[in-house]
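Written out below as structure tokens is the structure these notes cover.
Each value in this text was obtained by applying a stated rule to the coordinates, not by laboratory testing. Worth saying up front: this structure is predicted, and the values here are computed from it rather than measured. Cβ sites come from the backbone with ideal geometry, for glycine too, and all protein chains shown count toward neighbours.
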Amino acid sequence: MNFVFTSIIMFVFWILLSGEFHFLLMLSGIVFSLFVAYISHDLLIGSDNIRLFSTRMLRFCRYVPWLVWQILLANLDLVYRTLHPKMPIDPQVIRFDTALRSDIGITVLANSITLTPGTVTIVANQDGEFIVHAIARKPAKDLLAGEMQAKVKRVEG
Amino acid sequence: MIDLMLLLFLVVCAIAAVSMKDLLSTTIILGVYSLIMTVVWTRLNAVDVAFTEASVGAGITTVLIIAALSRTKREEEGQEYGMWSKLLNPQDLKLTDKQSPLLWLTSLFIVLITGAVLIYGTIDMPDFGDPDAPANIHLAKRFIEESYEETGVPNFVTAILASYRGYDTLGETTVIFTAGISLILLLRRKSYICDTTIKEKEMKEHIVIRTISRILIPFVQLYALYVIAHGELSPGGGFQGGVIFGSSIILYVIAFGLEEGRKVRIFREMGDLLNSTGVLIYAGIGVLCLLAGGAYLEYDKLPLGSEKMASSLGIYGIEIGVGITVAAVMITIFFITARHER
Amino acid sequence: MFDAVATIIVFAAILVLYRVIKGPTIYDRVLAANAIGTKTVVLIALIGFIYERPHFLDIALVYALINFIATIAILKYQEMGRLD
Amino acid sequence: MVVTTIISYLFLAVGCFLIVVASIGIIRFPDVYSRIHPAGKSDTLGQAMIFIGLMIYEGLSFVSIKLLIIVIFIFITNPTATHALVNAAHAAGLKPWEKGDDRN
């Protein structure tokens with residue numbers, strides 16, 4: 001089942017990359033997708049089942065717009081801090097625990113933290129323990145307030 | 001303007017790379033050098049070369065040099081050599097017996113003379129991009145105008161490499177194969193003990209890197225195969241595709257550890273076989289051409305539809321052969337150099 | 001326009017080169033090298049558009065993937081002293 | 001036609017600006033941990049902005065799909081590389097710079 005799913009994703013990726021519809025290239029596309037799915041089908045989906053994987057993907061898509069907005073805010077903040085002649089930064093390291101346990105959940109949260117205002121993930125481990133470097137006090141407080149964790153938790157399900 | 005800035009960049013990089021003492025820093029700077037070199041190639045419109053530089057120079061060379069570093073020492077040892085490091089750190093300027101001023105001056109003299117001779121040699125060369133240069137009058141014209149008619153391959157770099165210069169490419173593939181075999185003979189050892197306690201700690205800490213690598217690897221692999229298959233239409237081909245495929249396996253090993261990589265991903269037993277399979281496919285297609293009544297590697301004599309079709313399919317076949325060899329040899333080299341016996 | 005953007009990005013890359021050479025730690029160098037990598041991806045795509053040869057995008061895509069692998073390799077070596 | 005070109009130039013300009021700011025940040029900030037912020041965020045977004053600008057310029061075609069693929073890859077790999085970098089620095093025991101320390 002994983003195998004079929006992976007080969008379909010791979011074939012779609014092939015068509016997007018290729019944009020050519022010769023007989024020969026389509027045939028090689030099918031063969032190569034099957035080959036990649038054969039050697040790597042346990043990688044893409046991992047230990048999850050497909051149902052969980054696809055629902056998570058859908059919920060993730062709903063999470064993206066909020067993330068993009070946060071990324072824009074992050075950059076405005078950073079531009080201000082970089083170009084301000086006095087460079088108003090006050091770095092600090094914070095740690096906190098989350099209820100996340102799955103690989104995907106932790107990865108999404110870690111990368112979201114890295115992309116959003118004033119914070120970068122230093123350590124994220126399997127027990128949901130995070131260490132984060134914040135560039136000033138306010139971003140640290142915002143992160144500890146926990147809005148993002150709740151949203152990611154909803155993605156994880 | 002851009003060209004001048006890029007040139008400046010390259011010169012600074014080169015000087016910095018020579019004057020660093022920490023070899024890891026030098027590796028990083030060489031990676032940067034290679035990045036900029038790719039931009040220069042694209043500026044010159046040499047897409048295939050740029051592609052090779054991108055996949056080989058910046059990516060896999062860095063990884064392989066680091067694998068080699070992990071077997072040797074990281075710091076440069078012994079006396080200060082080279083004047084750049086002295087100019088940068090004047091307090092190190094201590095001349096020993098070995099570096100008496102006379103010796104120093106002599107070597108400077110020799111280098112200057114050689115440089116002058118080389119520059120003198122270039123005076124007779126045609127100007128850069130001169131349309132009347134001998135290389136541009138006969139050969140290039142024919143390749144550009146007639147290669148599609150003669151080989152059925154739109155990308156004429158691929159046409160030249162695989163068809164007009166088919167023997168050279170066969171030679172290159174064999175050289176890569178030979179390098180892999182030599183390394184196997186020189187460095188492979190049987191014993192390997194894995195320290196599992198480190199592995200478990202790593203497993204917990206590096207969860208993000210692992211998850212992302214896991215998701216990325218299938219896409220990298222499919223992309224590599226796409227590059228091989230589209231070598232005839234767009235830049236790329238067997239060589240670049242093979243390197244990218246090799247890098248995907250290398251990424252797996254770096255993220256998950258060698259033991260894991262060997263258990264899941266075939267390559268201990270299959271590796272040796274695959275190393276030679278590629279060359280076999282390449283040479284075998286040549287032999288098939290002989291059997292079909294043509295010369296060695298004369299693809300259009302293959303009994304596969306029209307001449308153009310046959311030629312195109314033959315070239316596709318050897319691209320796959322090159323790809324298999326390159327991928328397998330890269331993986332073999334990485335596995336052998338990165339592995340530590342304890 | 002594309003030319004101007006490309007020139008500015010090369011300029012930015014030269015700024016970052018200072019950090020690659022100066023350091024002080026190896027992490028600064030990796031960080032700066034990575035930043036130059038991202039600029040290179042942009043440059044290649046832009047040059048592709050200047051010459052109107054979209055095939056250049058394949059190279060940009062290779063970089064987006066390969067740069068990541070090299071970075072991970074350097075960091076793992078720095079941390080563990082080995083790659084296996 | 002003209003409108004899309006203007007919009008795409010706008011994106012290019014913003015992306016360009018962000019990349020330059022990121023470079024300045026990488027030079028100006030006091031230690032690895034704070035330099036990570038411009039390198040991880042502004043660079044990623046600046047790059048994405050330029051690619052989006054090119055996408056708008058190109059219109060809907062396989063070229064812009066490829067650009068989109070590049071953007072997605074960048075958004076996956078760049079933060080991960082950033083995270084790997086700070087993680088390694090942290091494991092090596094590098095102390096973050098704090099307010100009041102010397103700047104250099």
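Listed values, structure above:
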quantity	calculated
DSSP H segments from chain A that extend 20 Å or more along their own axis, Cα-based, with Kyte-Doolittle mean of -1.0 or above	A:2-18, A:23-44, A:50-83
Percentage relative contact order, chain A, counting C-alpha pairs under 8 Å, at least six apart	22 percent
Chain D, relative contact order [Cα under 8 Å, separation at least 6], %	31 percent
Pairwise FRET efficiency - A:Arg62 versus B:Val287, Cβ, R0 = 45 Å, nearest 0.05	0.20
Packing-based order for A:65-76, C:6-17, using average beta carbon neighbours within 10 Å, highest first	C:6-17, A:65-76
Distance between modelled label sites at B:Arg71 and B:Thr174, nm, 7 Å Cα→Cβ extension	2.6 nm
Measure of compaction for region A:1-102 (Cα Rg per 2.2 N^0.38 Å)	1.67
Rounded, prolate or oblate (a/c below 1.5 giving rounded, otherwise prolate when a/b exceeds b/c) for region B:1-80 by Cα gyration tensor	oblate
q = 0.20, 0.23 Å⁻¹, region A:50-156: log10 I(q)/I(0) [Debye, one scatterer per Cα]	-1.03, -1.27
5 Å binning of all Cα-Cα separations within region A:2-44, expressed as whole percents from 0 upward	5, 29, 32, 20, 11, 4, 0
Relative contact order computed over region B:1-80 (Cα-Cα under 8 Å; 6+ residues apart), in percent	32 percent
With Cα atoms, 0 to 90° folded angle of helix D:2-28 axis to chain D main axis	10 degrees
Sites A:Met26 and B:Val111 - FRET efficiency at Förster radius 56 Å, r taken between beta-carbons, to 0.05	0.45
Region C:70-76 - phi-based ³J(HN,Hα) in whole Hz, Karplus 6.51/-1.76/1.60, Gly and Pro as x	5, 4, 4, 5, 4, 5, 5
Calculated P(r) tail over 18 Å for region C:2-80, as whole % of Cα pairs	49 percent
Virtual spin-label span in nm between C:Tyr51 and A:Arg101, 7 Å along Cα→Cβ	5.4 nm
All-pairs alpha carbon distance profile, the protein assembly as shown, 20 Å steps from 0, percent	17, 51, 29, 3, 0
Estimated vicinal HN-Hα couplings, Hz - region D:39-56 in sequence order (Karplus 6.51, -1.76, 1.60; Gly, Pro = x)	5, x, 9, 4, 4, 4, 5, x, 4, 4, 4, 4, 5, 5, x, 5, 4, 5
Zero-based 10 Å bins, Cα pair distances in chain D, whole percents	15, 35, 27, 15, 7, 1
Order of A:Thr55, B:Thr61, D:Thr80 under a 10 Å beta carbon neighbour criterion, fewest first	A:Thr55, B:Thr61, D:Thr80
Interchain or long-range residues, amide H under 5 Å from A:Ile122's placed H	A:Ile131, A:Val132, A:His133
Tilt relative to chain C, helix C:26-50 - C-alpha long axis, 0 to 90 degrees, to 10	20 degrees
Cα→Cβ-extended label distance, 7 Å offset, between A:Gln126 and B:Phe128, nm	5.5 nm
Highest-first arrangement of B:290-300, C:21-31, where packing means the average Cβ count within 10 Å	C:21-31, B:290-300
Flagged links, alpha-carbon separation over 24 Å, of C:Lys22/C:Lys76; A:Lys151/C:Lys39; C:Lys76/D:Lys66; B:Lys21/C:Lys39; C:Lys39/D:Lys66	A:Lys151/C:Lys39; C:Lys76/D:Lys66; B:Lys21/C:Lys39
Value of [θ]222 nm, deg cm²/dmol, for the protein assembly as shown, DSSP H segments ≥ 4, -39500 (n - 2.57) each, nearest 500	-24500 deg cm²/dmol
